[in-house]
Each structure stands twice: as structure tokens, then as C-alpha cells.
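Structure first, commentary second.
The values are calculated or read from the model by the stated rules, or taken from the named source; none is laboratory data. This structure is a prediction, so every number in the text was calculated from the model and none was measured. Neighbour counts run over all protein chains shown; Cβ positions are idealised from the backbone, glycine included.
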Amino acid sequence: MKEIHLIIIWSEALSRRKQIVADVSKKFTILDTINITWDKNNFSNNLSRFYGEKLPRNSYKEKHCGNESFTCIIVRDNEPKYEVRDTSKGAKIVNINLFDVKQLYRSWTGGGHKIHATDNTHETKIQLVMLIGKTYSYYLEQKHNILETVYKRDLIGTSGWESLEEVFEALNETLNYVILRNFEGLEDELDSLHPDIDLLVENKALAVNLLNAKATSNKPNRVQYNVVINNKNINFDLRYIGDNYYCERWERNILNTRIKERYFFRPNEINLFYSFLYHAVLHKNNISKDYVFKILQMSRNINLDMNEIHFVESGLLNILTPYIDDLNYNYIEPKDLTVLWNIAYLSQVLAVELSLQRRFYYKFNKFKHKIKSIFIWNQ
């Protein structure tokens with residue numbers, strides 16, 4: 001099966017550009033040659049996002065590769081071949097056609113990392129979207145192209161995103177994710193007073209890089225990030241595999257059984273109902289009227305016979321617990337300490353205790369609020 005890949009000649013290697021392009025044309029079908037210029041004020045951030053590394057301004061890598069215009073060659077490999085190669089991240093199975101020419105071109109340019117090439121299709125999908133906002137499937141349909149183009153633009157999302165649709169088109173191409181809940185009126189978030197979108201993602205670091213998301217807090221395990229969309233700050237909570245928001249087995253199932261709705265992915269009806277119920281009873285102190293209405297509404301979508309009586313005492317846990325047990329899931333305290341863990345409610349059916357870290361966190365916050373109240377009273 002044919003594959004799409006990209007090769008980048010960073011500016012410090014452009015003296016060998018003619019030789020490299022000639023060799024590439026013999027080994028692959030060139031679909032596009034793009035001369036890209038990034039704003040120098042954004043170059044460090046672009047390079048960090050592109051490589052998935054946190055690089056400081058004027059880092060060694062930036063100086064080594066160069067921060068002038070560079071060339072991106074998009075190619076089709078008509079006979080991809082995969083073998084194990086030693087990489088900077090250890091032994092990996094890679095497309096050796098691309099991996100080996102990358103090593104060759106690096107030797108031509110004095111060693112180091114002045115040449116970049118993708119060595120698997122997932123990497124290609126991510127970098128095509130980030131670099132030029134194009135999809136992998138777009139290039140699968142392209143034919144040989146001898147023309148060159150000029151592209152003067154930073155990575156996608158650098159100065160914000162135009163719309164939610166643009167954001168999720170990029171996520172769809174690159175990342176396994178779902179919007180956990182409240183997606184029915186997704187576009188209304190752009191106009192709300194406190195816009196917030198809850199995602200569960202397979203790879204949090206990739207999501208942060210792709211979205212150009214900025215952390216809103218330096219608290220450990222805090223997952224709230226800010227993303228600029230249509231010139232407005234939108235908060236994204238990036239829940240991820242292994243964060244104990246739900247147990248890991250359940251998180252993986254939510255992602256593996258996701259369904260497409262309009263231009264984004266969300267949980268299937270079963271996971272949507274039970275994950276929302278779990279969130280309502282264990283991540284909240286009290287269930288609001290709109291949550292009651294929503295739980296009843298979603299229960300009908302999975303043919304579950306529910307009514308108001310289930311909201312009395314431990315009625316909701318009596319619905320949730322058999323589901324948790326049947327699928328070998330478990331109740332688990334979130335790593336994010338800012339997420340409430342309603343142990344008082346859960347203890348009606350299970351013998352549980354708060355972690356030492358969470359007990360300390362709650363005591364510290366209680367003390368902090370007490371001091372704040374005393375300070376305000378004495379003013």
C-alpha cells in the first residue's frame with residue numbers, strides 16, 4: 001500500500017537542497033514542494049510544537065537547524081518497507097525507505113538534525129496538519145507535481161483558531177479523542193460566559209501541542225488549558241488515559257467505541273450515559289436539576305427504566321455499580337485534586353478512603369479559605 005511522507009530541509013541544510021531534491025525524485029514520487037517561512041518571533045514555539053519538545057528561545061536545535069525559510073517535500077512512497085531501526089527514541093519499527101534517506105541526507109549536511117523525515121504514517125498525518133493544514137487523504141489523491149509553492153505561515157493554531165470546526169478537523173486527523181459531554185450545543189460555548197469543553201484524549205502531550213494550548217494553572221495534575229478560538233479564550237479540560245478520571249480500562253473503551261457526530265467524536269450512547277452518571281454522582285457534591293433531567297433523558301436513549309425515585313439515597317449507585325462490576329471497571333480517585341471525589345456518597349456502597357494527598361489538599365484549602373475570611377472580615 002502506498003504511503004505519504006514528508007521530508008524537511010531546514011535552512012542550515014539548504015546548500016545541499018539541489019542534490020537532495022534530485023535524489024528524492026529518483027526514489028519517491030514528489031507530490032508537493034513547499035518553501036515555508038515562519039515568523040521568527042514564533043519560530044521557537046513552532047519548533048517545539050512540531051517536534052513535541054519544550055525548546056527555549058534560540059535553543060541549540062533552533063540554531064543547528066536554522067530559523068530561516070526551509071523546504072518541505074511531500075512524497076509518495078510507492079513501495080513502503082518496514083523494519084526495526086535504532087532511533088533517537090530507541091529501537092522502533094519504521095519505514096526504512098524514509099528512515100534511511102534521512103540518515104543519508106544528514107550525512108551529506110554534516111550530521112545532526114538539519115534534515116527531518118517522517119518514518120510512519122501517523123507522524124505524517126500530524127505534521128501535515130500542523131505545517132500546512134492539509135490532510136493525509138488530500139495527498140493520497142494527488143499526482144506528481146513539479147511546481148513549487150511559497151507558504152508564509154506559522155503552524156496551524158499559532159495565532160488562534162478560526163472556529164471550533166477547524167479545531168476538530170485537525171483533531172480528527174491526528175488524535176484519538178472524545179468530547180465527554182455537553183456537546184449538543186457545542187457552538188454555544190463560544191458565546192457563553194465561562195466556555196468549557198471536556199475532552200478525553202489518548203495522548204495529552206500531542207493534544208496540547210496540536211491545539212497550541214496554554215495551561216491555566218501550575219498545580220500538579222491540573223488539566224485545564226486555554227485555547228484561542230475566534231479571538232476568544234476557550235477552556236479545554238484534557239482528561240487522558242491513566243489520569244483516574246475514570247479507570248483506565250473504561251477510558252480506553254470510551255475511546256475505542258467512540259462515534260462521529262457532525263464534525264467531532266463523542267462516546268457511544270452506553271458510555272455517554274454511564275460516564276455522565278459517574279461524573280454526576282462522584283465528581284459533584286450535589287446533582288442539579290438540569291443534571292437530573294439530562295440523566296433521565298439519556299437513560300431513555302439506552303432503554304433504561306429510570307425515574308425520580310432513583311435519585312433518592314443510593315439509588316444512582318445501585319444503577320452504576322452493576323455496570324462497573326460487569327465490565328471489570330472500578331471506582332477510582334482522580335489524580336486531579338481539583339476534581340471533587342464524593343467519597344461520602346460512594347461510601348454508602350463501598351468501603352473507601354481518601355488518599356493522603358487529597359486529605360492534605362482539602363485541609364490546606366479549608367485553612368486557606370479560613371485565613372482569607374479573617375482577612376476580609378478585618379478590613
Where a residue in the stretch 243-257 is modelled with pLDDT of 95 or more and its partner, wherever it lies, is assigned to a helix (DSSP H, G or I), with Cβ under 6 Å and at least six apart
I254/N271
Can you give me the number of residues within the stretch 189-247 that are surrounded by fewer than 16 Cβ atoms within 10 Å (Cβ to Cβ), under 19 Å from W341 (Cβ atoms) and in contact with a Ser or Thr (Cβ under 9 Å, 6 or more places away or on another chain)?
3
Within the stretch 178-201, how many residues are within 23 Å of L277 (Cβ to Cβ) and either under 17 Å from the mean Cα position of the chain (by Cα) or part of a loop (DSSP other than H, G, I, E, B) (or both)?
14
First in the stretch 217-242 and in contact (Cβ under 8 Å) with a residue 12 or more places away in the chain and on the phi < 0 side of the Ramachandran plot, second anywhere and outside any strand (DSSP E or B) and surrounded by fewer than 13 Cβ atoms within 10 Å (Cβ to Cβ), Cβ under 7 Å, 6 or more apart:
Q224/S217
Which of the residues that make up the stretch 116-132 are surrounded by 17 or more Cβ atoms within 10 Å (Cβ to Cβ), modelled with pLDDT of 95 or more and either in contact with a Leu (Cβ under 7 Å, 6 or more places away or on another chain) or not charged (D, E, K, R) (or both)?
H116, A117, T118, N120, T124, I126, Q127, L128, V129, M130, L131, I132
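Yes or no, residue by residue, for (1) surrounded by 15 or more Cβ atoms within 10 Å (Cβ to Cβ); (2) modelled with pLDDT of 90 or more; (3) among the aliphatic types (A, V, I, L, M):
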site: H279; (1), (2), (3): yes, yes, no
site: I319; (1), (2), (3): yes, yes, yes
site: L340; (1), (2), (3): no, yes, yes
site: A344; (1), (2), (3): no, no, yes
site: V349; (1), (2), (3): no, no, yes
site: L354; (1), (2), (3): no, no, yes
site: F364; (1), (2), (3): no, no, no
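Conditions tested, residue by residue: (1) of a type in the set (S, T, Y); (2) over 26 Å from A213 (Cα atoms); (3) modelled with pLDDT under 95.
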position	(1), (2), (3)
M1	no, yes, yes
I8	no, no, no
E12	no, yes, no
R17	no, yes, no
I20	no, yes, no
D23	no, yes, no
K27	no, yes, no
T33	yes, yes, no
D39	no, no, no
Condition check: closer than 22 Å to Y105 by Cβ, touching a residue at least 12 places away in the same chain (Cβ under 8 Å) and not charged (D, E, K, R). Does N67 satisfy that?
yes
Residue within the stretch 136-144 that is closer than 26 Å to R266 by Cβ and surrounded by 17 or more Cβ atoms within 10 Å (Cβ to Cβ) present
yes
